[in-house]
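Following: one structure in structure tokens, then a few remarks.
What follows draws every value from the coordinates through simple rules; no lab data is involved. Everything numeric here is computed off the predicted structure, so don't read it as measured data. All Cβ positions, even for glycine, are placed from backbone atoms using ideal geometry, and neighbour counts span all protein chains on display.
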Amino acid sequence: MGSDEAYFQDDNPKHSVSLPGFWMGRQLVTNAQYQVFVCDTHHAAPPGGFPFDKENHPVVNVSWTDAMAFACWLNNQFSGQILPDMVLRLPTEAEWEKAARGTDGRTWPWGNKEAKPRMCNYKNSRLRGTSPVGAYSPDGDSPYGCADMAGNVWEWTHSRYCPYPYQVLDGREAEEGTDLRALRGGAFGNNALSLRCSSRSFDFPGSFHANVGFRVCVGSRFPRLM
């Protein structure tokens, strides 16, 4: 996890992290999926509503708080079908990076060759907006078949934005408070360096932007979820 490169030193140093088993969502949560959640719970829709012609694009303009509410709702829908001691939730930074780069330390989900427009939606693609989830599969997929882990939209993680090395029990996975939360993956307006598997960004949990979405995972319970 992380990097020893000097591009953005917030992902330094490179270090090893051992993780329990988990399953990562192959796709970002879409507008259509999020709309089901809004209709079922009466949770506020993203500002501006849902674009009628972008049902299969990632939902954006959702805060970390919104993403957490969606994950909690989804967990309740499938509570009887999940393995014991596991829940549907947002991925931690460590889980996200493992799903994006595998175990060989690759720079981008597809390997160590720099991004090309056929691999992902980023600045050089010149789309200036979101693309349908999975549109760049399989060329841009991670070793585990996860799509859009580089580009399209930044992704909220469960984790607080804290210095490395990553330690799951140092308080960074606490859900209370207004601390900055980590974003991963880069977006349609970013260059290739921001799309690296180790690259990090951050924002406040109540913030939302047109280039930020999320995906969910099935993983171990955190203390508050037990």
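Compute the Rg/Rh shape ratio of region 23-136: radius of gyration over Kirkwood radius, all on alpha-carbon atoms. Don't skip to the end; give the middle numbers.
Working: Rg = 16.1 Å, Rh = 16.2 Å.
Radius of gyration over Kirkwood radius for region 23-136 works out to 1.00.
Placing +1 on the Cβ of each Lys and Arg and -1 on the Cβ of each Asp and Glu in the chain, which of 24, 58, 71 has its Cα farthest towards the positive end of the resulting dipole?
58
For 166, 34, what ranking results if the residue with the fewest other Cβ atoms within 10 Å of its Cβ goes first?
Working: 166 19, 34 23.
Ranked by crowding around the Cβ, least crowded first: 166, 34.
Per residue of region 163-172, what does 6.51 cos²θ - 1.76 cosθ + 1.60 with θ = phi - 60° give for ³J(HN,Hα)? Whole Hz please, x for Gly and Pro, Karplus curve as stated.
x, 7, x, 5, 9, 5, 9, 8, x, 6
Residue 69 versus residue 56, label points 7 Å from Cα toward the beta carbon: distance in nm?
Placing both labels 7 Å along Cα→Cβ, they lie 2.8 nm apart.
What is the count of Lys pairs in the chain whose alpha carbons sit under 25 Å apart, if the two are 8 or more places apart or on different chains?
Qualifying lysine pairs in the chain: 8.
Between (i) 1.07; (ii) 0.95; (iii) 1.00, which matches Cα Rg over 2.2 N^0.38 Å calculated for the structure shown?
Only one listed value fits the structure, namely (ii).
Using alpha carbons only, how many angstrom separate the centre of region 1-68 from the centre of region 149-191?
When both Cα centres are located, 10 Å separates them.
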